[in-house]
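What follows draws every value from the coordinates through simple rules; no lab data is involved. These numbers come from a predicted model, not from an experiment. No Cβ is skipped: glycine too gets one built from the backbone with ideal geometry, and neighbour counts run over all protein chains shown.
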Amino acid sequence: MNRAITTITIALIFTLAIPLAAHGTKSTSLSFTNIPLLRPDGNSEPELSIGPDGTTVYVALSWTQFFTNTWKAGFGQTPVFQGTIDSNLANNVGGGGDADVDIGSTGTLHVSTLIFFFNPQTRITQLGVSAITCPGVDTSNNFSHCTGRIIDSTQSDRQWVTSDGPHVYISYHDSASSTLVHVQRSDDDGFTFHRVTDPITGQGGVTGNSTFDNDQGKLIADSFSHNVYTIWAGGAGGLQKAKTANFNNIYVAASSDMGKTWTPHLVFSGTVNVALNNVFPALAVDPLSGTLYAGWSNAHQVFISKSTDQRPDLDESAGRKHFPCEHCCLSMDRSTWQHRRLRLLWNECLEQR
């Protein structure tokens, strides 16, 4: 949840790959069309999800209304504003603190937002997490066909949502005391949720490095292996505990039993106090192969590792810890952008390693 004191409008970018080379050769250029989605209340931190039929839903944080603005369109079409998806959760509850969106393989829209509880003087007293479900991505009539609920109200932060068929997962930080990561699962396509096991708790030294000292990236459910993965940057226990936010370890935890148990793996360990947690570390999975990608940044470079065995094991043979297949740095070079299967680009990537 990061905001500045200026008004920002959201500009969502549609990417169209236009071949500029002759038939039989690889194209090296992409064409971009920028479509600004202007709102009088301003927006920031946009996210989107593309469904199986190409339906695309966009969300962004309103700067003045304490709600999450929402647009919808067919793939490649101009988005149409739908309204504020988390404005009717409960009395004296506002939203739009953070937002994440997922259109599942079932065709259901899942949205989770960070919400605010107000006292009668309209002062924020605590934070919580919402879960909003729209069957068939039906956002018509001011989301009257959607079901919204509050799944946590105990000082939460930075929630993420993902799904694998009817199984929907939401993770979020305990921002009040430990910054541990909580996970809830739905087995009915997002209508009801229950707590499963926390990925950081009970993991020995990993817990020691990550309690108070972590920034969690997006939770990912893999439709190929049906594993669930989460990524976070953790610090050095004892040296950094609750003292700095320069987290130098990248962890990925995997669950093969729908969140009942988690196995953490150290993907990369850097120099202590050299931060690798430029918000946020990222995960992506190839749904056709189950190949898992992890990305992170030190605010100057972008790094990526991948795992092809559906679990990010440690490979000590080279004297350092990494995903078994690849560890490299991405640059903004156009050929790198064109030919990497994972097209992950962070603006902070300034130079080749």
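Each of 114, 137, 92 was scored by the projection of its Cα onto the charge dipole of segment 73-154, and the greatest displacement toward the positive side belongs to 92; charges sit on the C-beta of Lys, Arg, Asp and Glu. Segment 177-200 and segment 85-156 have Cα centres separated by 16 Å.
Peptides 88-96, 217-225 ranked from most to least packed give 217-225, 88-96, packing being the mean of other C-beta atoms within 10 angstrom over each peptide's residues. Scaled against 2.2 N^0.38 Å for its residue count N, the alpha carbon radius of gyration of segment 33-196 is 0.99. Along segment 168-175 the Karplus relation, 6.51 cos²θ - 1.76 cosθ + 1.60 evaluated at θ = phi - 60°, assigns HN-Hα couplings of 10, 10, 10, 10, 6, 7, 8, 7 Hz to successive residues, with x for each Gly and Pro.
The packing ranking, built from the mean of other Cβ atoms within 10 Å per residue, places the peptides 157-164, 35-42 in the order 157-164, 35-42, highest first.
Please compute the alpha carbon radius of gyration of segment 73-139, then divide it by the globular-protein estimate 2.2 N^0.38 Å. Two decimals is fine. If you can, show how the numbers build up before the last one.
On the way: Rg = 14.0 Å, N = 67, 2.2 N^0.38 = 10.9 Å.
Rounded to two decimals, the normalised Rg is 1.29.
3J(HN,Hα) couplings calculated from phi for segment 138-146 with the Karplus curve 6.51 cos²θ - 1.76 cosθ + 1.60 (θ = phi - 60°) are, in sequence order, 8, 9, 6, 6, 6, 6, 5, 9, 9 Hz; Gly and Pro show x. Plugging the Kirkwood radius over Cα pairs into Stokes-Einstein for segment 106-232, at a temperature of 4 °C and a viscosity of 1.567 mPa s, what D comes out in µm²/s? For the chosen part, D equals 84 µm²/s. From most to least packed by mean Cβ count within 10 Å, the peptides 145-154, 245-254, 273-282 give 245-254, 273-282, 145-154. Whole-Hz Karplus values for segment 39-48 come out as 10, x, 8, x, 8, 8, 6, x, 9, 8 Hz, taken residue by residue from phi with 6.51 cos²θ - 1.76 cosθ + 1.60 and θ = phi - 60°; glycine and proline positions read x. Its alpha carbons considered, segment 203-260 gives a radius of gyration followed by a Dmax of 12.8, 40 Å.
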